[in-house]
Amino acid sequence: MQSGESGLTEAAARQRLNEHGENRLKEKKKAGVLVRFLRQFKDFMVLTLLAAAVISFFTSRAQGETDYLEPVIILAIVVLNAVVGVVQESRAEHEIEKLRRLSAQEATVLRGGKTKKIPAAQLVPGDVLLLSTGDCVPADGRLIESVALSMQESALTGEALPCEKDAAALLKADTPLAERKNMVYAPAVVLTGHGKAVVTQTGMNTELGRIADMLGSQQAPQTPLQLRLERVGRILGLGALGICALVFGLGLLRHDSLLRSFMLAVGLAVAAIPEGLPAVVTIVLSSGVGRMAKNHAIVRRLPAVEALGSATYICSDKTGTLTQNRMTVRRLADAAGDVTPDSEAGRELLRFAALCTNAVLTAHTPPKAEGEPTENALIIAAAKQKIFRDELDKEYRRVREQPFSSETKTMTVTLRRGNQTLTVCKGAPEAVAALCGEAGDWLSRNDRLAAEGLRVLAVAVSQGDRPLRMLGLIGMEDPERPQVKAAVAECEQAGVTPVMITGDNPRTACAIARRIGILKQNGEVLSGRELDGMSEEELREKTETVRVYARVKPEHKVRIVNALRAKGHVVAMTGDGVNYAPALKAADIGCAMGKSGTQVAKSAADLVLTDDNFATIVRAVREGRGIYDNIKKVVHFLLSSNIGELLLVLAAGLMNLPSPLLPIQLLWVNLVTDSLPAMALGVEKIEPDVMRRKPVDPKTNFFGAGAWLDIALQGMFIGAVSLVAFVLGRGLYGEAVARTMCFCTLSIAELCHALNSRSPHSLFRIGWFSNRKMNLAFIICLVLQLSVPLVPMLSAVFAACSLTAEQWLTVGALSASVVAFVELSKLFQSNLTEKKERAIIKHPSLRREEN
């Protein structure tokens, strides 16, 4: 059924999965539908409304009335609101769960003799687990192979130092957990080396599972934006309560009944406070994140969406992100100069380079390989000269390996061939040259190759105890990605500065950076050695002009991020290795590579790029700005509509008019206009000019740049046209018709305002019907509103009356005037912007003053 060479069969794995269950810790049981439904009634305003309904019921009964319609309708609307709340909450949870599944951990195993990646949840006891640098151990297991393997087990043992692992170690059964060198445990991190382990325990049976009670269930954190909106909601709520108290007092002064005045004040408070705003924002965020996942960007933490809209710097790796990570050997050189691959010197260079790799040759004709791209290129180049890695392994037996690290920039293996011992080293030319004690001509030759944009590796060998001897240089080409040049240009247009950070030679990095547009004439290049000699203050000043960092170490990335952030920039940083996790955490947006990235990097990241592509980061910035825009549109619509309702009732009271709306009418307007249109605004298309704007300043007030004034003015206009409908109707047709006209005008005006809120640009420019979900929401809500005065049963419930054609024309004209008012406002603002831009073109100094 299994061996260390072939692993479990698929049939055996399925059987064991049925027996042992999935490899996951038990999560806290989610609240059922009933509990979530009852939870909707915890809100203070909802409880107040319920109390009002109860008071209304008992007051009617005490007065001998048998008409309990008003309290029943209020209860029905409260229940319906609770149902909507549960649906919104469930949808938000569903979207968050989808994100968790997208970012779920994977494991590399042997199944049926083949290496494959599976979800870590599908691991079963008996699986052969393949571990390499940067992996998170997904289950407990017994090592059967290990090469220079060390792990960080502090999450489980509390031991901060790396733990060396040895598959050959034999230990007593009572050996303490932290000293079990032949075992691996979830959730340890592989720091160096590689190995194989047979899974012994999964899920709650692991050592981690035994202490699972200490772990809290994962919950989606509230984003800074949601917290800001909650504060806005509280401020608006306090203001609304003050106005409602004033309305209550005015009602008493008009000699309205105490109960009616109280009911109106409570209904107005419930309608005016956007209690559903946090849920709508969560859905908009999560839905947008789902769209980003389809475009190869998996968001692991929702706050990253906001940061994306504010990003001012993108610090990107070169290999595999800006380039295709498809290495091809182009040039070979020895001490005498360039050599051809089929020459004796060329064949010897390729033979020893292939021996110092961990890639696997999977086919001879044509040559194919699996492994790290650089190593794949080496063994494919060797195979083209009939030097096959699998045959070399029969001739040379590896006895020791020192894996590549970003500190040494070399990989070294010790081989036995009969009685002969050989050491082979490959890596960065300057590092290998230093080990050989040779430099001079080798480094000059390296510079010439690097200036052509080639990635250069040096190979050195030694026999027995002799010192290493430089064998030659191998120049490899990694072409840039086709989309990257356009993505870099789009970045700069959007006010985002792209920066290349690479471990490559500065000359190689500069050649590629110039080709793709990152390095301009005024751009500087900084090497890791130069960076080491700088103070933090000096580095902060340099970051403004440096566009390429070369020969950097992982710790340099943290310094670069901190320096940029200290200058007030919002930084996106890419990384793939285990040592890049601190830099990813330090950045505002940590971006891990989905293909080449380690599990540690992915766990530390906010964003995982499933295609390892720089252009995907730029698309994610665009999507992040679009999501932020749509949330602003939702907030703008809800707050301006609610302000309109507040001002309508307040103005009527101050004018000593009867209440223009009944409590149940207010609640109905709130129910009809606050749900579907707001959700439809959340999926509005991204504005075409979103990447021609400056990044969103995270310090700027969410309602800055005149947004509060727009919200207030538009709310005032909605309240004004509704009040006009009431005053006209009262003067011409009587109070009952006036109240119905006001009721319909307010509701339809808010639906029209949802169309206004779709874009800061004119509806004639973006297209009136380009958002299908908004079209559907508008029609459904309009039908619901029209049904109240048109359907006798509903008109009786909501105290509405049927309207004549003339009255409907008045309602329609007043409601549509909201669109006309906002369109004129947009035209005025557009003209102002154009004049400002023309002035800046004539006088560029104005832009500097603006900045």
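The values are calculated or read from the model by the stated rules, or taken from the named source; none is laboratory data. Quick caveat, the model's predicted, so the values are computed rather than measured. Backbone-built Cβ (ideal geometry, glycine too); neighbour counts: all protein chains shown. What goes into the accessible areas is simple: the full protein's heavy atoms, side chains included, and nothing from ligands, DNA or RNA. Shrake-Rupley method; radii C 1.70, N 1.55, O 1.52, S 1.80 Å.
Among 535, 562, 525, whose Cα lies farthest out toward the positive end of the dipole of the range 508-562, if unit charges sit on the beta carbon of Lys, Arg (+1) and Asp, Glu (-1)?
About the Cα centre, the residue reaching furthest to the positive side is 525.
Just subtract the alpha-carbon distance of residue 365 and residue 11 from 0.36 nm times their residue separation and send over the number in nm, one decimal. Provide the component values of the computation, followed by the final result.
Values: separation 354, 0.36 × 354 = 127.44 nm, distance 3.26 nm.
Contour length minus the Cα-Cα distance gives 124.2 nm.
Take the range 398-525, compute every pairwise Cα distance, and split them into 10 Å bins from 0; I just need the percent in each bin.
12, 34, 27, 17, 8, 2, 0
For residue 421, what residues show an amide H to amide H distance below 5 Å, using hydrogens built from the backbone and excluding near sequence neighbours?
464
To the nearest 0.05, what FRET efficiency results for residue 545 and residue 762 with a Förster distance of 35 Å applied to their C-beta separation? Don't skip to the end; give the middle numbers.
Values: r = 41 Å, r/R0 = 1.17.
For residue 545 and residue 762, the calculated efficiency is 0.30.
Whole number in Å², please: accessible area per residue of the range 448-565, 1.4 Å probe, ligands, DNA and RNA not counted.
43
Can you tell me which of 666-672, 759-765, 570-576, 798-804 comes out highest on packing, and rank the rest after it, using the mean Cβ neighbours within 10 Å?
Order by mean packing, descending: 570-576, 666-672, 798-804, 759-765.
Set the Förster distance to 25 Å, then compute FRET efficiency between residue 654 and residue 238 from the Cβ-Cβ distance, nearest 0.05.
Values: r = 20 Å, r/R0 = 0.81.
About 0.80, to the nearest 0.05.
Work out the P(r) tail for the range 544-671: percent of alpha carbon pairs separated by more than 24 Å, whole number.
More than 24 Å apart: 51 percent of the Cα pairs in the range 544-671.
Taking only the alpha-carbon positions of the range 610-693 and ignoring solvent, what does the Debye formula give for the base-10 log of I(q)/I(0) at q = 0.25 Å⁻¹?
Cα-only, vacuum Debye calculation for the range 610-693: -1.15.
Show me 356-364, 427-435 ranked by packing, highest mean number of other Cβ atoms within 10 Å first.
Put in order of decreasing packing, that is 427-435, 356-364.
What number comes out for the charge environment of residue 729, summing +1 per Lys or Arg and -1 per Asp or Glu over other residues with Cβ under 9 Å away?
+1
Averaging over every viewing direction, what projected area does the convex hull of the Cα atoms of the range 665-764 cover, in nm²?
8.2
At a temperature of 20 °C and a viscosity of 1.002 mPa s, determine how fast the range 305-438 diffuses translationally according to Stokes-Einstein, using the Kirkwood radius over alpha-carbon pairs as Rh; express D in µm²/s, rounded to the nearest whole number.
128
Give me the tail of P(r) for the range 435-492 as a percent: Cα-Cα pairs with distance above 14 Å.
Numbers: 1087 of 1653 pairs.
For the range 435-492, the share of Cα pairs beyond 14 Å comes to 66 percent.
Can you give me the long-range amide H partners of residue 323? Hydrogens built in the peptide plane at 1.01 Å from N, cutoff under 5 Å, separation of 5 or more residues or another chain.
481
In whole Å, what are the Cα extents of the range 703-751 along the three principal axes, biggest one first?
Cα extents, longest axis first: 43, 18, 8 Å.
Which net charge results for the neighbourhood of residue 547, defined as the other residues with beta-carbon distances under 9 angstrom from its beta-carbon, given Lys and Arg at +1 and Asp and Glu at -1?
Here the charged neighbours net out to 0.
Could you list which residues have their amide H under 5 Å from that of residue 339, counting only those 5 or more apart in sequence or on another chain, with H placed in the peptide plane?
HN-HN under 5 Å from residue 339: 332, 333, 334.
Please list 3J(HN,Hα) in residue order for the range 442-459, calculated via the Karplus relation 6.51 cos²θ - 1.76 cosθ + 1.60 where θ = phi - 60°; whole Hz, with x for glycine and proline.
4, 6, 5, 5, 4, 4, 5, 5, 5, 5, 8, x, 8, 8, 10, 10, 9, 10
If you average 1/r over every pair of different alpha-carbon atoms in the range 304-354 and take one over that average, what Kirkwood value in Å do you get?
On the way: mean 1/r = 0.0686 Å⁻¹.
Computed over the range 304-354, the radius equals 14.6 Å.
To the nearest 20 Debye, how big is the dipole of the range 510-640 about its Cα centre, given +1 on the beta carbon of each Lys and Arg and -1 on that of each Asp and Glu?
Details: 21 positive and 16 negative charges, 72 e Å.
Charge dipole, the range 510-640, about its Cα centre: 340 debye, nearest 20.
Tabulate in residue order the Karplus-calculated ³J(HN,Hα) for the range 378-395, using 6.51 cos²θ - 1.76 cosθ + 1.60 with θ = phi - 60°, rounded to whole Hz; enter x for Gly and Pro.
For the range 378-395, the Karplus-derived couplings read 5, 6, 5, 4, 5, 5, 5, 9, 6, 9, 9, 4, 5, 6, 4, 5, 6, 8 Hz, x marking Gly and Pro.
In sequence order, what are the phi-derived ³J(HN,Hα) couplings for the range 287-300 according to the Karplus relation 6.51 cos²θ - 1.76 cosθ + 1.60 with θ = phi - 60°, rounded to whole Hz, with x for glycine and proline?
Going residue by residue, I get 5, x, 5, x, 5, 5, 4, 5, 9, 6, 10, 9, 8, 9 Hz, with x marking Gly and Pro.
Could you calculate the FRET efficiency of residue 709 with residue 769 from 1/(1 + (r/R0)^6), where r is the beta carbon distance between them and R0 is 41 Å, rounded to 0.05?
The formula returns an efficiency of 0.90 here.
Which net charge results when you count Lys and Arg as +1 and Asp and Glu as -1 among the other residues whose beta-carbon is under 9 Å from that of residue 204?
+3
Dipole of the range 410-476, Cα-centred, from +1 at each Lys and Arg C-beta and -1 at each Asp and Glu C-beta, to the nearest 20 debye?
Working: 8 positive and 6 negative charges, 65 e Å.
So the magnitude is around 320 debye.
Placing +1 at every Lys and Arg Cβ and -1 at every Asp and Glu Cβ, with all other atoms neutral, what dipole size does the range 275-391 have around its Cα centre, in debye to the nearest 20?
Dipole about the Cα centre, nearest 20: 340 debye.
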